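The structure appears right after this line, and notes come after that.
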Amino acid sequence: MRFIPLLLLSALSQSSAAQTFFHNVRVFDGARALPSRDVLVQDGKIVRVGTGLSAPANATVIDGAGKTLLPGLIDAHTHAWGTALTTALAFGVTTELEMFGDTGTARAWRSEQRAGKATSRADILSAGTLVTVKGGHGTEYGQAIPTLSSASDAQSFVDARIAEGSDYVKIVYDDGRTYGSSWPTLSPEMLRATVSAAHARGKLALVHIGDLASARAAIDAGADGLAHLFVDRDPDPELGAFIAAHKAFVVPTLTVLKSITGIPGAGPLADDPRFSPFFTKQELSMLKQAFPRRPGPPTVSYASAEATVKQLRAAHVPILAGTDAGNPGTAHGAALHRELELLVNAGLTPAEALASATSIPATIFHLADRGRVAEGLRADLLLVTGDPTTDILATRDIVGVWKQGVAFKRESVSESIASEAAAQNQMPAGAESGLVSDFDDGTPTSKFGAGWSVSTDAMAGGKSTAEMIVVDGGADGSAKSLAIRGTISDAFKQAWAGAMFSPGKQIFQPANLGAKKEIRFWTKGDGKTYRVFVFAESKGYVPLTQTFVAGAEWKEYVFPLASFDGIDGRGIMALIFGGGPAPGSFALQIDHVAFK
Ligand SMILES: [Zn+2]
């Protein structure tokens, strides 16, 4: 019988190990600040919130003096992939509400959440595939998605999304006019039918709009909420009352609206030493970008969005903090801190802004288990120094983050970024001589990096094609060379197709070729002009281009790296030799490709 007390002992020590006691901490409970509280967390839940409590014997005790404990933050507009949800958690965002994303990824994430295993990343709910028309906004990202073709199909279309797992329905009602573009979009009848179809299944319907008129039309069609505000003009004086009368909510997404009006929305965070160690170089580059503005009209104004937020607040319309993370000028998790600041600048009190990122989205999205610091709720918690209920910038002084009661090792994010960066600082093994490939062994292998692969505009929705084959006869009397041929399609304005070399360990992973000054290669071909593209980490995913002619005789070209928009050899991600953008067939050979 000896094993019984042992079992008992182990059960006891397990439960006490899962206890955390916050002593004498200011609590923002989702609506207001409560001074000097004690909060006990056990087995993933908040079990006591009170004053004068004593810590259980084996609890981890956290001194809350001078600090504020908040519910984990909820970002009500994101697009997540890769490690986005881990990054989000490092910044205290414990739930993301995705407004369009990959349905398979979201399904995998949801099942991990249901199993209670998602303690080292943010939770996610997702709209899955958004509702748009053929060629409409949402179809331009190079991934084939189903589109709605008529109002009578709305119910079956929405049912198919729900069958894929969509937690709510996101509808695009935007013809691009605000941005000087023109896309097809849903007709008013399709909009109304889709909103009704969502409601028939008990799902929320959120609408992406691009201007004031569409915002009104969406609310009039019965939308539960707007997924963005507009920047085309100031609100009419009755807009707030109109939205309030329809009991709708709004996710302003001020961060991305700043980016849309030409200023990287969360850009200032890139230089905040409390945040910058948690960003990869790509995330830093994304944070510092705005959307490209087309010259000339139409004009857009961020001030219009601020004026609308003021009106919505005065009319008591629920406002939800959302960043549209995944877009230029944003970053998962971090950008929500900027959104809170922008909401306060637009007239919310700090406590109202905090509610917009905690209790309000939890209530609206029926997340009854989170969004407040209250007994019985999930222990998704953020501890900061100072008092964000009086100074919203205090949310950035993060002391700790807990997901379902488990303390998140925030440094795991910054450490893995630092070690990745250190690895990339080494010149790739095999790159000493600089020769990439001479193809003389008859294969398209390379002396270093991830080697050669075919790259075409299919990844951006184009239809160009290419193939690469090692052929007999190389430059300078050598045995072999690489033939690249294909067809450039006219389906896509920025068409390209060709052969890509990736100097890093994986395709598009940056490599440090800082010791190299130029790109050299030999070429011959059909006499046409071709392009060599370089992708460098410092320029994001913008292709840097030089042109060359592939004539009847072999000829060597030498391009200084600096001729590609001033870059040097650090952080080179890819080198592409290809045809386009003029449509038609192309054929060239390359040989003795080298970084020297
Ligand atoms: Zn979005």
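A few comments on the model shown:
- Some residue of the range 107-118 being more than 13 Å from Gly322 (Cβ to Cβ), more than 16 Å from the ligand (Cβ to nearest atom) and open to solvent by less than 10 Å² (accessible area, probe 1.4 Å): yes
- All positions within the range 63-104 that are over 18 Å from Asp324 (Cα atoms), in contact with a Phe, Trp or Tyr (Cβ under 8 Å, 6 or more places away or on another chain) and surrounded by fewer than 22 Cβ atoms within 10 Å (Cβ to Cβ): Gly64
- On inspection, Ile145 fails the criterion of being within 16 Å of the ligand (Cβ to nearest atom) and part of a strand (DSSP E or B).
- When residues in the range 145-191 are screened for being open to solvent by 30 Å² or more (accessible area, probe 1.4 Å), touching a Gly at 6+ places or on another chain (Cβ under 9 Å) and either at positive phi or acidic (Asp, Glu) (or both), 4 of them pass.
- Residue within the range 526-536 that is of a type outside the set (Lys, Arg) and without any contact (Cβ under 8 Å) to a residue 12 or more places away in the chain present: no
- Test for Leu229: is it open to solvent by less than 10 Å² (accessible area, probe 1.4 Å), within 15 Å of the ligand (Cβ to nearest atom), at pLDDT 95 or above and under 29 Å from the mean Cα position of the chain (by Cα): yes
- Here the strands (runs of 3 or more DSSP E) wholly within the range 485-596 that include at least 1 residues being open to solvent by 60 Å² or more (accessible area, probe 1.4 Å) are 518-525, 529-536, 544-549, 555-560, 584-595.
- Residues satisfying the stated conditions in the range 119-142, i.e. surrounded by 14 or more Cβ atoms within 10 Å (Cβ to Cβ), assigned to a loop (DSSP other than H, G, I, E, B) and of a type in the set (Ser, Thr, Tyr): Thr119, Ser120, Thr129, Thr132, Thr139
- Filtering the range 305-319 for residues that are under 17 Å from Ala227 (Cα atoms), in a loop (DSSP other than H, G, I, E, B), within 16 Å of the ligand (Cβ to nearest atom) and at pLDDT 95 or above leaves an empty set.
- Search result, residues across the range 86-100 that are closer than 24 Å to Ile392 by Cα and within 16 Å of the ligand (Cβ to nearest atom): Ala88, Val93, Glu96, Leu97
- Looking across the range 263-288, the residues that are open to solvent by 40 Å² or more (accessible area, probe 1.4 Å) and not hydrophobic (A, V, I, L, M, F, W, C) come down to Pro268, Asp271, Pro273, Arg274, Pro277, Thr280, Lys281, Gln282, Glu283, Lys288.
- Just one residue in the set Ile360, Ile319 is of a type in the set (Val, Ile, Thr) and open to solvent by 20 Å² or more (accessible area, probe 1.4 Å); that residue is Ile360.
- The listed residue being small (Gly, Ala, Ser), away from the ligand (no atom under 15 Å from the Cβ) and open to solvent by less than 10 Å² (accessible area, probe 1.4 Å), out of Ala223, Ala217: Ala223
- Meets criteria (of a type in the set (Val, Ile, Thr), in contact with a Ser or Thr (Cβ under 6 Å, 6 or more places away or on another chain) and either within 15 Å of the ligand (Cβ to nearest atom) or open to solvent by less than 20 Å² (accessible area, probe 1.4 Å) (or both)) for Thr255: yes
- Against the list (1) more than 16 Å from the ligand (Cβ to nearest atom); (2) touching a strand residue (DSSP E or B) at 6+ places or on another chain (Cβ under 7 Å), the condition Asp75 fails is (1).
- Just one of (1) on the phi > 0 side of the Ramachandran plot; (2) out of contact with any helix residue (DSSP H, G or I) (no Cβ under 7 Å at 6 or more places or on another chain) fails for Gly142. It is (2).
The values are calculated or read from the model by the stated rules, or taken from the named source; none is laboratory data. Keep in mind it's a predicted model, so treat the numbers as computed, not measured. Positions of Cβ are backbone-derived with ideal geometry, glycine not excepted, and every protein chain shown enters the neighbour counts. Just the protein is used for accessible areas: all its heavy atoms, side chains included, with ligands, DNA and RNA removed. Shrake-Rupley method; radii C 1.70, N 1.55, O 1.52, S 1.80 Å.
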